[in-house]
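Structure first, then comments.
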Amino acid sequence: RCEACGAASQTSLLERSALEQQWIGQHTRALEQLQAGEHRGAAAAAEHVLDLTLGRLADHHLVRHECRLIVVDARSALGDWGAVLAPARDAVAGMRQHLPTNHP
């Protein structure tokens with residue numbers, strides 16, 4: 001189960017803990033690329049983390065949520081509007097679901 005929200009996950013806690021550190025590192029690199037204006041690289045890195053974590057972390061886990069926001073920001077800067085819709089929709093759905101319970 002996801003420690004953040006309690007949702008089911010297919011990855012054991014021990015395995016996920018090690019993998020999560022790796023994914024957090026990849027997320028951090030994507031964020032650094034975004035901040036440096038390397039939008040294409042940031043989007044690709046964040047999308048890679050989303051692919052790697054699909055079914056292994058809860059859908060609205062913080063790492064996945066943050067990566068969606070990176071994709072939205074980077075793809076928007078590139079004018080790649082077709083690639084913005086799905087991650088924006090998923091990020092908003094996650095916020096709608098978890099913000100009221102985690103941030104009263």
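The values are calculated or read from the model by the stated rules, or taken from the named source; none is laboratory data. For clarity, every value in this text was computed on a predicted model and none was experimentally measured. Every residue, glycine as well, gets a Cβ built from its backbone with ideal geometry; the counts of neighbours run over all protein chains shown. Ligands, DNA and RNA are stripped out before the accessible areas are found, and what is left, the full protein with its side chains, is counted by its heavy atoms. Shrake-Rupley method; radii C 1.70, N 1.55, O 1.52, S 1.80 Å.
Just give me the residues in region 79-103 being in contact with a helix residue (DSSP H, G or I) (Cβ under 6 Å, 6 or more places away or on another chain) and either open to solvent by 60 Å² or more (accessible area, probe 1.4 Å) or free of Cβ contacts under 8 Å to residues at least 24 places away in the same chain (or both), in sequence order.
Those that are in contact with a helix residue (DSSP H, G or I) (Cβ under 6 Å, 6 or more places away or on another chain) and either open to solvent by 60 Å² or more (accessible area, probe 1.4 Å) or free of Cβ contacts under 8 Å to residues at least 24 places away in the same chain (or both): V84, A88.
Given the conditions (1) modelled with pLDDT under 80; (2) small (G, A, S); (3) under 17 Å from V72 (Cβ atoms), which single one is not true for A7?
(3)
So which residues in region 24-78 are charged (D, E, K, R) and either open to solvent by less than 50 Å² (accessible area, probe 1.4 Å) or closer than 25 Å to L99 by Cβ (or both), if there are any at all?
The answer is E47, R56, D59, R64, E66, R68, D73, R75.
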